[in-house]
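For reference, the structure discussed in these notes is given below.
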Amino acid sequence: MKSMKQDSADSMASLLCKVTVTGEPSCKSDSGIAGQYEFGVHLKRTVNPSALADAEKSEIACRVLDCFHSRIGIDVLDDFVIAVTLPNGQEITDDDTPALLWWVP
């Protein structure tokens, strides 16, 4: 997967993160939700995805998940596992750390 905007070989101001949803829906309204979704993350500064601090990864995951949930309604969230990955394929999670970066949806 390629970045949206690359400022140098390793640093990026925009990332294309992937959200992967797996699981079996228990209600009809959640059918068709499982799959992969892409979300662009536009950062205030350039970053190297391989060198992000844990808090930065957490913030990116939080923002991507917020955007995902604002666009995709899930009735029974417990039916699914939702994973966020960086362009380099590294899975990241939201651990409720304070914001360090800011991105524009």
Item to check | Odd one out for D66, checked against (1) over 16 Å from S14 (Cα atoms); (2) modelled with pLDDT of 95 or more; (3) within 10 Å of the chain's Cα centre (by Cα) | outcome: (2)
Checklist outcome for this item: Per the list (1) part of a helix (DSSP H, G or I); (2) loosely packed, with under 15 Cβ neighbours inside 10 Å, residue check on A61 breaks on (2)
Checklist entry - Taking interchain pairs and intrachain pairs at least six residues apart, which have beta carbon atoms under 6 angstrom, with the first residue in the stretch 18-42 and in contact (Cβ under 8 Å) with a residue 40 or more places away in the chain and surrounded by 16 or more Cβ atoms within 10 Å (Cβ to Cβ) and the second acidic (D, E) and in a loop (DSSP other than H, G, I, E, B)? => result D30/D75
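Which of the residues spanning the stretch 64-89 are part of a loop (DSSP other than H, G, I, E, B) and in contact with a helix residue (DSSP H, G or I) (Cβ under 7 Å, 6 or more places away or on another chain)?
Our first condition is that a residue be part of a loop (DSSP other than H, G, I, E, B); within the stretch 64-89, this holds for 72-76, 86-89.
Those that are part of a loop (DSSP other than H, G, I, E, B) and in contact with a helix residue (DSSP H, G or I) (Cβ under 7 Å, 6 or more places away or on another chain): I74, D75, V76, L86, P87, N88.
The values are calculated or read from the model by the stated rules, or taken from the named source; none is laboratory data. Note that this is a predicted model, so its numbers are computed, not measured. Don't worry about glycine lacking a Cβ; one is built from the backbone with ideal geometry, like all the others, and counts go over all protein chains shown.
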